[in-house]
1. Name the pairs whose Cβ atoms lie under 9 Å apart, with the first residue in segment A:10-23 and on the phi > 0 side of the Ramachandran plot and within 7 Å of chain B (Cβ to nearest Cβ), the second in a helix (DSSP H, G or I) and buried (at least 16 other Cβ atoms within 10 Å of the Cβ), and 6 or more positions between them or separate chains?
2. Which one of A:820, A:841, A:845, A:809 is over 30 Å from residue A:747 (Cβ atoms) and in a helix (DSSP H, G or I)?
3. When you go through (1) over 20 Å from residue A:45 (Cβ atoms); (2) within 12 Å of chain A (Cβ to nearest Cβ); (3) buried (at least 17 other Cβ atoms within 10 Å of the Cβ) one by one for residue B:8, which number turns out not to apply?
4. Residues of segment A:185-227 being assigned to a strand (DSSP E or B) and either modelled with pLDDT under 90 or closer than 15 Å to residue A:248 by Cα (or both), which ones?
5. Tally time: how many residues in segment A:161-178 are touching a helix residue (DSSP H, G or I) at 6+ places or on another chain (Cβ under 7 Å) and surrounded by fewer than 18 Cβ atoms within 10 Å (Cβ to Cβ)?
6. Given the conditions (1) under 44 Å from the mean Cα position of the chain (by Cα); (2) crowded, with 22+ Cβ neighbours inside 10 Å, and given that residue A:784 satisfies all but one, which numbered condition is not satisfied?
7. Tell me yes or no: at least one residue of segment B:33-49 is part of a strand (DSSP E or B), at pLDDT 85 or above and in contact with a strand residue (DSSP E or B) (Cβ under 7 Å, 6 or more places away or on another chain).
8. Would a scan of segment A:26-44 turn up a residue that is out of contact with any helix residue (DSSP H, G or I) (no Cβ under 6 Å at 6 or more places or on another chain), within 9 Å of chain B (Cβ to nearest Cβ) and free of Cβ contacts under 8 Å to residues at least 60 places away in the same chain?
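The values are calculated or read from the model by the stated rules, or taken from the named source; none is laboratory data. What you see is a predicted model; the values in this text were computed from it and never measured. Ideal geometry is used to build each Cβ from the backbone, glycine not excepted, and the neighbour counts take in all protein chains shown.
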């Protein structure tokens, strides 16, 4: 109704004008009938009617919603232009807060809330087994169990199996004459993409005939591989490509963004070998299933549990009775440990937004209070309280609009910076872009801020005593509400700043101790690279037998060592800091058997001679492996210092003591080396090394060190490799230093971000304190001038001006420290070697903020106290 | 003029039949024996308000001296509203006169 009137207001006005005209005509005729001249008659009619224009305006205004009154906005623009500096600083502060929180929201939205490009992804579950009695968190599955799941679980719409880890399934792709490249690939059962709910953009999906012994080798390639390696050839479907030296028919190209499991560039059928399809003992898989609509995890769990129970009684030799299913939502499985970090960051950015809102509210409140004379004058001339409120609201809307626009620009920049800073292992982070949801958030925040910034000060102004405000010329003491609110603002802001700064400092300290920790690898310049030897088949590494693999490696290493500029070269099963993967072994010493019970699992490594020299792990006792440790010689091993100490505690010399790995044979300890942190720079552990000549496990990595630049060393390895076997490729070339850096990347990201947030909060809080003091000295100008004239000491005057505010800052700091202590448990999740309750950090941050606040408040106080009283009083 | 009474007077005037603005103004003046002097222009916003509330409906017609004029007629809701306002008004008058009369009779 109202809006129809709004849009018809022009035509209604014309109508009204006609109506008024007809009134005037009628009245004029009536007057003429009474015998007056036509001019006089017209004049009398007009007088009788009253002011026609005013009446038209009144009706016109009735046809329009009140908040759209343009006059308010025009006036607001004029006011803003007059008080440019004050309002622009408010907008800048607000824009900073909006920008940072929108950026963080966008990242969290991309990574946590919408992590995968799969339709209805909340009904996709990843399934494996766990066995509490054996202590294995992940009991892997075997291919025959896929059939069990398909036949017995009614709630699955579709189900597929894939390896628990992508490690070791990489395939070497060779196109034309270019260098062969190693590409992450995933062997999957044929329903895999149906479970995910995606299909190829070119070609076809896998079908059941692609699996089975003797099926023609086919492959589906990812969009990225298609673009980067095959030049986006649109007729690729049906073409042959060489993978690990075997021709595969490309049957499809996956849609953009589907690189699941993480980083996969190729997918091949899984069930193509007898030993995979038939053997229940070949466990290396997990299941992924899409639930039927309306079915939940809770309804599937009992069915799975019952199935496992039945299988355990049918195949007692394969399955233990204590196995339980584990069902994890795909989204959680995928984002994993990135979750807590991003939530902490989101929390921090919300705190920053809060600080910005408080700061801008404070500035605006101070400013509105200083405009009290103007507002009081307008009230005295008959403006209603409502009109003043609307007026201030219009100003708030304009400020918030500017802040939202600037905030969006800032967030665009911030997102790009954050994505570049971010560690590479946060999935999908690079795809984060400012989207509609982020925009809505910015708009909503801005709207809230507009209301908070305008209505609150307006309310406190309108309510104050009009007459007193006018008489005292705006220099009167502020209304009590206004003062109390500003005090509250200062307090909350100090608390927020302390929280952000303390967490940032703790992160900096833990990063420092992380970087200075002795992680056991002294040669940061040693170059390492992945070289798994590949052949056809699912377990492509098995094309080589231990002997041929050993021969391949020793040939390669020999050639490398003989090249100019190479100091040392070696092979290793798994290089340091390759992620959380690795082989854990149980072991026992040849000592009192009771002491073997509480031993932690050790990291198992297979190395060639010269490995310790190359990566810079010092041998503390005994010797390195050498030529004498041949395949037929005595079994030997090197243990790391932690294990050496365990043996010594049992009253034996580590050297010469015998160790038994798992259920294998006994080996004699010939050396003790320094502890190396193989899994992560923050994770201590024990290591056991076995010479490559005596191990069944392969060496998969080459480490090399020399006097030449790393790029030349990598090229040297590539060339040497080509001479031996052109079907092999190296990947993941990185120095030990780079591995350490990327391992600490997530921590560095947290640290930088929180440091940045902390500095922003510090600036905001300094601005807030400055605003409060500046405004209060302006209000107390006369009082200060009189005291000055009466001979007050300047230092004492300054102290009195700033003491109250600084006391508030102190109280706020106490509150902030209290919050940090309450949250210390959550915070310590992301810390390393630093206590979240470190009193030195808490104290330093508190002092620092106090010092900053003192400087920020001292400046305006000093100016006010130094003014000539004559000037101040005559104003 | 008392707040809100103008609306009631307009509705009352239209009870006898449709009329245009000029006629309504004169009718109010005439019927009140010229006691109620309305600035005729102020009638128009009131007419628009009543129209928006749906109590009167406008139509264009020809006035007695052959001019096009906007006529208003009472709608059924308007009729109901008039009854409500009349009752309220009568109660108010009774109430006020009960207060005023004893004081007037005293001397």
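1. Partner pairs satisfying both residue conditions: none exist.
2. Working: A:820 fails: over 30 Å from residue A:747 (Cβ atoms); A:841 fails: over 30 Å from residue A:747 (Cβ atoms); A:845 fails: over 30 Å from residue A:747 (Cβ atoms).
Only one candidate qualifies: A:809.
3. All conditions are met except number (2).
4. Quick first cut of segment A:185-227, residues assigned to a strand (DSSP E or B) only: A:185-188, A:202-203, A:218-221.
Within segment A:185-227, A:185, A:186, A:187, A:203, A:218, A:219, A:220, A:221 meet the criteria.
5. 2
6. (1)
7. To start, the set of residues in segment B:33-49 that are part of a strand (DSSP E or B) comprises none.
No, segment B:33-49 has no match at all.
8. yes
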